[in-house]
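Inspection log for the structure reproduced underneath, given as structure tokens.
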Amino acid sequence: MSQPIRLYVVYYPVMIVALVYCLVNLRMQWFSSEASLAFSLAFVGYFLATSFLFNYHPEGFDFTIFHNAGMNLIEGRNPYEFDGRMVSPLTSLLLFAGFALTDVNTSFAIWTGVNVIMALLLIPMAWWCLFGRIDTKSLIKEIAPLTAFFVLSFPILWTIGLGQLAIYVAFLLIMAFVLRDHGAQLGAGISLALATVKPQTVIPCLLDFLRRNNLTTWVGFCLSLVVLLITVRLLPHFFEAMGNEFEAMRDEMRNIATMGAPGNTNDYSFEAPFYHTIIGLNYLFYCLGFRDRTLILILSIGSTFAIGAYLLISGRQKRWPFEAHLSMICIYALLFFYHRFYDATILAIPLTYSYVMALRSTGSQRTMHFLTFIALLPVFVIHPKAMALFVSGIPDSMPLVKRLGEAFLLPYATWSALFAMVFIWLGCRQPSRIHTEITRTI
């Protein structure tokens with residue numbers, strides 16, 4: 001059975017059943033604690049089985065790039081020059097060198113196991129970050145059902161199958177938030193530094209740390225980056241392979257530009273082979289009909305920084321509850337320039353926030369939180385290739401329908417993120433009594 005057929009026949013129906021279970025628990029709360037725990041464990045068991053059976057591909061496509069980068073560095077070759085697909089920053093090289101300590105199959109098996117464990121922990125950690133200490137009732141009634149769906153979603157499926165870094169980065173970022181809120185600011189800074197293997201996800205999350213009482217976190221972050229870079233420099237053959245940090249960064253920027261050129265792998269235009277997996281405002285503007293790349297760049301940079309400035313000002317003025325603001329920042333992190341569907345793992349925080357608040361709130365508050373949760377679902381349950389095939393199947397004799405499909409269906413993940421941000425904002429306009437009781441102000 002081919003991988004796409006296996007995906008839809010074996011995996012997708014179970015994911016939908018897990019989602020239905022999650023929604024029934026959200027809207028009706030029919031299940032007893034025993035039944036809820038049993039269902040959740042069954043779905044988690046299925047996730048574990050598929051991660052090492054149906055979804056396990058030795059030498060994961062992206063993981064081979066990381067493993068080869070580590071091998072090239074250890075053997076005295078410049079990983080950026082030797083492989084044009086290598087676009088990860090210098091802070092990732094120590095991790096990739098660790099990957100290269102064993103053969104690619106063994107290393108990928110270990111990395112798959114690590115990813116599986118971290119994936120199972122993302123929702124509990126997000127709950128801990130947002131609402132504090134986890135009790136038995138919350139674990140069974142709120143965390144377990146959401147975890148059951150989350151680990152079976154497409155972003156988790158792809159991250160594990162490709163050997164990507166998205167779960168690792170989301171785990172470190174949530175850990176940084178937790179450590180900061182529990183007084184371990186130095187540890188939070190270390191977690192942030194380790195997460196810079198995906199700087200486009202870390203940079204927007206730094207908005208949450210731009211407050212005076214986070215000085216120790218910033219010190220830990222900067223010192224950890226220095227230690228990482230010094231440690232990389234101490235690797236054998238570093239100077240022989242790389243020259244210096246500036247030359248390595250130059251080579252990295254060259255690879256990024258090449259990969260993002262029209263028609264190449266990271267391009268957002270319809271000529272690119274994987275355009276449908278892109279999430280971002282540049283892809284949204286392209287789908288809306290803009291074709292001048294300079295104009296798209298200006299619009300995407302302008303809108304990205306406008307959203308970031310609004311979140312920064314709102315955070316410093318303490319307009320929203322802490323949980324709502326952090327959820328907005330995590331959604332913004334997904335829209336911050338270049339991301340793909342597997343990077344949606346960072347949405348563990350807004351997904352948890354909206355789900356728990358929909359369970360606990362009443363009236364219009366409950367409606368807004370429920371709409372937030374629903375708005376995020378397409379990112380987790382709709383396969384972008386299926387959507388691209390559907391839109392491309394619209395006949396040319398229906399030009400208006402085709403244009404509408406390109407504008408609103410192809411960039412559905414970006415629209416979902418934007419709508420979720422709007423619903424969170426609306427939900428915080430007039431906090432209800434229960435919202436005030438179970439949240440804290442930033």
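The values are calculated or read from the model by the stated rules, or taken from the named source; none is laboratory data. The shown structure was predicted, so the numbers you read here are calculated from the model rather than taken from an experiment. Cβ: placed from backbone, ideal geometry, glycine included. Neighbour counts: every protein chain shown. Heavy atoms of the whole protein, side chains included, go into the accessibility calculation; ligands, DNA and RNA do not. Shrake-Rupley method; radii C 1.70, N 1.55, O 1.52, S 1.80 Å.
Taking the alpha-carbon centroid of each part, what is the distance from segment 283-298 to segment 125-144 in angstrom? Segment 283-298 and segment 125-144 have Cα centres separated by 41 Å. Considering only Thr112, Thr258, Thr352, the mean-square fluctuation computed in a Gaussian network model of the chain, springs between alpha carbons under 10 angstrom, is largest for Thr258. Heavy-atom surface analysis with a 1.4 Å probe gives segment 77-234 a carbon and sulfur content of 71 percent of its accessible area. Taking Lys and Arg as +1 and Asp and Glu as -1, the other residues whose beta-carbon sits under 11 Å from that of Tyr338 total 0. Among 12-21, 316-325, 173-182, 196-205, sorting by the average number of other beta carbon atoms lying within 10 angstrom of each residue, highest first, gives 173-182, 196-205, 316-325, 12-21. Select from Gly163, Gly98, Gly427 the residue whose mean-square fluctuation is largest in a Gaussian network model of the chain (Cα-Cα springs shorter than 10 Å). Ranking Gly163, Gly98, Gly427 by mean-square fluctuation puts Gly98 first. Between the beta carbons of Phe408 and Ile298, assuming R0 = 30 Å, the FRET efficiency works out to 0.85 to the nearest 0.05. The modelled label-to-label distance between Thr136 and Leu426, using points 7 Å beyond Cα along the C-beta direction, is 4.0 nm.
Of the GluC sites (Glu not before Pro) found in segment 175-281, the ones in coil according to DSSP and having at most 13 other Cβ atoms within 10 Å of their Cβ are Glu271. Return the carbon/sulfur percentage of the accessible area of segment 299-391, one whole number, probe 1.4 Å, all protein chains in place. The C+S portion of the solvent-accessible surface of segment 299-391 is 73 percent. Name the most mobile residue of Met249, Met368, Met328, meaning the one with the largest mean-square fluctuation, in a Gaussian network model of the chain with Cα contacts below 10 Å. Greatest mean-square fluctuation among the candidates belongs to Met249.
Placing unit charges on the Cβ atoms only, positive for Lys and Arg and negative for Asp and Glu, gives the chain a dipole magnitude near 1520 debye about its Cα centre. Of all aspartates and glutamates in the structure, the ones whose alpha carbon falls short of 16 Å from that of Lys198, not counting any fewer than 8 places away in one chain, are Asp62, Glu252, Asp343.
Per residue, the accessible area of the chain comes to 41 Å² when a 1.4 Å probe rolls over the protein heavy atoms. If we count every other residue with Cβ under 11 angstrom of Phe82's Cβ, Lys/Arg +1 and Asp/Glu -1, where does the sum land? Once positives and negatives cancel, what remains is -2. Expressed as a whole percent, the proportion of Cα-Cα pairs in the chain lying more than 30 Å apart is 45%.
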